[in-house]
Amino acid sequence: MTRLTGKTAVITGAGSGIGRASALKFAAEGAAVAVTDILGETAEAVAEEIRAAGGRAVGFAVDVADDLALKDMIERTIAEFDKLDILFNNAVNTAAGKRKRDVDFLEFDPAVFHEIVQVNVLGGVLASKYALPHMLERGDGCILFTSSTSSLGGDVAQFSYGASKAMVNWYVKTIATNYGKQGIRCNAVIPGVIETPAMKAWASPEMHAAFMKLQNAPRLGQPEDIANLAAYLASDEAAFMNGGLYKCDGGMTAPLPFAQLQLDYLIPRHKPGAAFVGS
């Protein structure tokens, strides 16, 4: 498949998980890819995978919390590939493993909030700021963000993470509003529960079973599921899609809140497809 032939993309947080899958997918679709990650060796390893498969890629370290590093990332990508068509702001900070976890509102930690927002929001916003002049000069460009289902409703934890992703959603719509008429599209992918290496590292078998109960699909999501959606949104096939928040969550957010209660208590389990009791 070659829906991205002739395009150049830079992807942040591309050393593993969704970013890695997206870098490999974009390259397989014909794009030249700048693979960036806070860990330079992982970025280069993914770039080498792409080159070994016959694609074009460079890999280098970028800390998206560093304003100057973001500016250099855009300039380095253009110097390497002559232009920039796609910016995929995928890098994320969940504050996992921090001493002060983001799990108790009464213990809300402003330091954690600012750290998360610096990466999840400002990293993408500033990268977009530096990419936009090059895209505007050519009258064409695509900016993508990785958001989260945590941005779509209230939560009982992740008080900084969920808020940061809600901020991302606002910037997606705002960039689209400001630059859509000039040929720039900005959209977000909204993953559900995705089996990334990071998720596998902390999810117990009990958590896996609980996640499966939430799904309206026979499996959990894979990084490639998000990469497939991102590649489509980055392609010319999605030319009329702008300012959108596109869920890829296995139907997790599809049911009404009380649907699980119906399944647990009101619909006979021994009769698949049985009607609602009392109907």
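The values are calculated or read from the model by the stated rules, or taken from the named source; none is laboratory data. All figures in this text were calculated on a predicted structure; none of them were measured in a lab. When we count neighbours, we look across all protein chains shown, and the Cβ atoms used for this are built from the backbone with ideal geometry, even at glycine.
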Is the stretch 77-92 home to any residue that is more than 22 Å from Pro133 (Cα to Cα) and either of a type in the set (Gly, Ala, Ser) or buried (at least 21 other Cβ atoms within 10 Å of the Cβ) (or both)?
yes
Let me confirm something: among Ser160, Ser128, Ser164, Ser148, which residue is more than 21 Å from Leu233 (Cα to Cα), buried (at least 19 other Cβ atoms within 10 Å of the Cβ), at pLDDT 95 or above and not aromatic (Phe, Trp, Tyr)?
Ser164
Out of (1) assigned to a helix (DSSP H, G or I); (2) modelled with pLDDT under 95; (3) not small (Gly, Ala, Ser), what's the single condition that is false for Arg101?
(1)
Within the stretch 195-216, the count of residues that are within 17 Å of the chain's Cα centre (by Cα) and within 22 Å of Ala254 (Cα to Cα) comes to 1
Considering only the stretch 177-263, give the helices (runs of 4 or more DSSP H) lying wholly within it that have at least 2 residues that are crowded, with 21+ Cβ neighbours inside 10 Å, in contact (Cβ under 8 Å) with a residue 24 or more places away in the chain and of a type outside the set (Val, Ile, Thr).
223-234
For Ala45, indicate whether it is in contact (Cβ under 8 Å) with a residue 12 or more places away in the chain and either surrounded by 24 or more Cβ atoms within 10 Å (Cβ to Cβ) or under 17 Å from the mean Cα position of the chain (by Cα) (or both).
no
Those helices (runs of 4 or more DSSP H) completely within the stretch 1-98 that have 3 or more residues that are farther than 30 Å from Ala166 by Cα are 40-52, 67-81
Checked the stretch 5-16 for anything within 13 Å of the chain's Cα centre (by Cα) and surrounded by fewer than 23 Cβ atoms within 10 Å (Cβ to Cβ); matches are Ser16
Looking only at the stretch 100-154, count every residue that is farther than 24 Å from Ile18 by Cα and charged (D, E, K, R) and tell me the total.
7
Considering Gln260, Gln222, which residue is over 20 Å from Ile190 (Cβ atoms) and either touching a Lys or Arg at 6+ places or on another chain (Cβ under 8 Å) or modelled with pLDDT of 85 or more (or both)?
Gln260
Hey, among Ala23, Ala34, Ala111, which residue is under 23 Å from Ser148 (Cα atoms) and either under 18 Å from the mean Cα position of the chain (by Cα) or crowded, with 24+ Cβ neighbours inside 10 Å (or both)?
Ala23
Of the residues in the stretch 150-183 that are touching a strand residue (DSSP E or B) at 6+ places or on another chain (Cβ under 6 Å) and among the β-branched types (Val, Ile, Thr), the one that is farthest from Asn89 (Cα to Cα) is Ile175
